[in-house]
Amino acid sequence: MNTIKRIFTTGLFCSLVFTLSFCKQKKEEDKGYIVQVGQKAPDFELTTTDGKTFRLSDQRGKVVMLQFTASWCGVCRKEMPHIENEIWLPLKDKDFVLVGIDRDEPLDVVRGFAEKMKITYPLAPDSAARVFALYAKKEAGITRNVIIDREGKIVFLTRLYDVEEFNKMKEVINSLIFKP
């Protein structure tokens, strides 16, 4: 009887481990990313609303946050004041770079969006979601952040605005900037 019990218990345990592993993997897939933590961030170049060129590869040696957003996105509007006040303002004078990448909207809309949201970090239009498609499936939703370390590797990915995930992202950024 003990052998049968052991086989049954082991089988249940293995099923549970497989299910949890599958669910975690499925959760990551549901976020719509085509990049993963640990890989080199795909390089790109955009022009910000103030006419400056932003090239990701030029940011090596700094911690980088890419914020994918759009004016029509309610969740983005909810998250942006937190990004401005809790991340950008305290860290903008450190070795930290933040750029909001506005999906599929013209320059005048992106400028108006930044003004309306009262953000001071740079925004850049991403026509045809060209840069977005380097990081996520083209049909995937926005409100996502990509944190990149000083060597150009992706270290954290978010999707939507979740306070717990947002706070974890802040911890990751701070640990990269203030690393002893």
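The values are calculated or read from the model by the stated rules, or taken from the named source; none is laboratory data. These figures come from a predicted structure and were not determined experimentally. Cβ placement follows ideal geometry from the backbone for every residue including glycine, while neighbour counts extend to all protein chains displayed.
From the list Leu157, Leu134, Leu98, the lone residue that is more than 20 Å from Gln36 (Cβ to Cβ), at pLDDT 95 or above and in the same structural domain as Thr47 (by TED's automatic domain parsing) is Leu98. If the condition is being in contact with a Phe, Trp or Tyr (Cβ under 9 Å, 6 or more places away or on another chain) and under 17 Å from Glu151 (Cβ atoms), then the stretch 58-93 contributes Lys62, Val63, Val64, Met65, Leu66. Which members of the stretch 59-82 meet the condition of being aromatic (Phe, Trp, Tyr) and in a loop (DSSP other than H, G, I, E, B)? Trp72 - this is the single residue of the stretch 59-82 that is aromatic (Phe, Trp, Tyr) and in a loop (DSSP other than H, G, I, E, B). Where helices (runs of 4 or more DSSP H) sit wholly within the stretch 83-180, those with at least 3 residues that are surrounded by fewer than 21 Cβ atoms within 10 Å (Cβ to Cβ) and either under 14 Å from the mean Cα position of the chain (by Cα) or without any contact (Cβ under 8 Å) to a residue 40 or more places away in the chain (or both) occupy 107-117, 163-177. Within the stretch 150-175, the set of residues being touching a strand residue (DSSP E or B) at 6+ places or on another chain (Cβ under 7 Å) and more than 15 Å from Met80 (Cβ to Cβ) comprises Arg150, Gly152, Lys153, Ile154, Val155, Phe156, Leu157, Arg159, Glu165, Val172, Ile173. How many residues, within the stretch 35-51, are closer than 15 Å to Asp126 by Cβ, surrounded by fewer than 15 Cβ atoms within 10 Å (Cβ to Cβ) and out of contact with any helix residue (DSSP H, G or I) (no Cβ under 7 Å at 6 or more places or on another chain)? Residues flagged as closer than 15 Å to Asp126 by Cβ, surrounded by fewer than 15 Cβ atoms within 10 Å (Cβ to Cβ) and out of contact with any helix residue (DSSP H, G or I) (no Cβ under 7 Å at 6 or more places or on another chain) within the stretch 35-51 amount to 2.
Going residue by residue through the stretch 54-66, is there one that turns out to be at pLDDT 50 or above, exposed (fewer than 11 other Cβ atoms within 10 Å of the Cβ), among the basic types (Lys, Arg) and over 14 Å from the mean Cα position of the chain (by Cα)? Yes: the stretch 54-66 contains one or more residues that are at pLDDT 50 or above, exposed (fewer than 11 other Cβ atoms within 10 Å of the Cβ), among the basic types (Lys, Arg) and over 14 Å from the mean Cα position of the chain (by Cα).
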